[in-house]
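Working notes, beginning with the structure itself.
Values in this text are rule-based calculations from the coordinates and carry no lab data. What you see is a predicted model, and the numbers here were worked out from it, not measured in a lab. Positions of Cβ are backbone-derived with ideal geometry, glycine not excepted, and every protein chain shown enters the neighbour counts.
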Amino acid sequence: MGFLRSLFGGLLGKEKCRICGTPGARVSGSQTRCLNPQCPNFDPALGGRAPRPLQPQAPPSWRRGQAPQRPLTIRYRNFQGQEKMFSADADSLRRRRNHVSVLVAPSGQRITLSRDRILNLQEVESSLPARLAPDQPYPSRIERQVLGYHKRNNTTSPLYEKIRAKYPNW
């Protein structure tokens, strides 16, 4: 195959770009024409796809390279058994089922961590926003079902509004 590739250059379509590594690049001599629109060797005549628009994300509460306003250190053991430490913004914590989602420094990216693997879980959970006031009773099973359904489907009903008034932070 190497002999055919040297004869036909990139005509076989299996060449990789020398800069970005995208397969399907055309190589002839020292010139590389790439399918990747973000690559400096991009050639629109090859029929490369247009870049996908970036999903808008909420900006982090701090600038890239700076420390978060309310820092929180999370100790985490990954699936390989390695212990990692993340510097996170406590104001960005979100709980979703058995996971915690948080913005980490210095990149400002949102990561999701399994609660089972967080080593300082008590400290992390104390930083989560409270769903209930300290003296407020917990919603019943049916109230939780109604709250969850309407929140998930972005709908409303008189019963939902009544329960929502009772538990405004749910």
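Fully extending the segment from Leu46 to Leu119, taken as 0.36 nm per residue of separation minus the present Cα-Cα distance, adds 21.2 nm. At 0.36 nm per residue, minus the direct Cα-Cα distance, what do Asn153 and Ser140 gain on full extension? Give it in nm, one decimal, please. Length gained between Asn153 and Ser140: 2.7 nm. Each peptide in 84-94, 151-161 gets a packing score, the mean of other Cβ atoms within 10 Å over its residues, and the list from highest to lowest is 84-94, 151-161.
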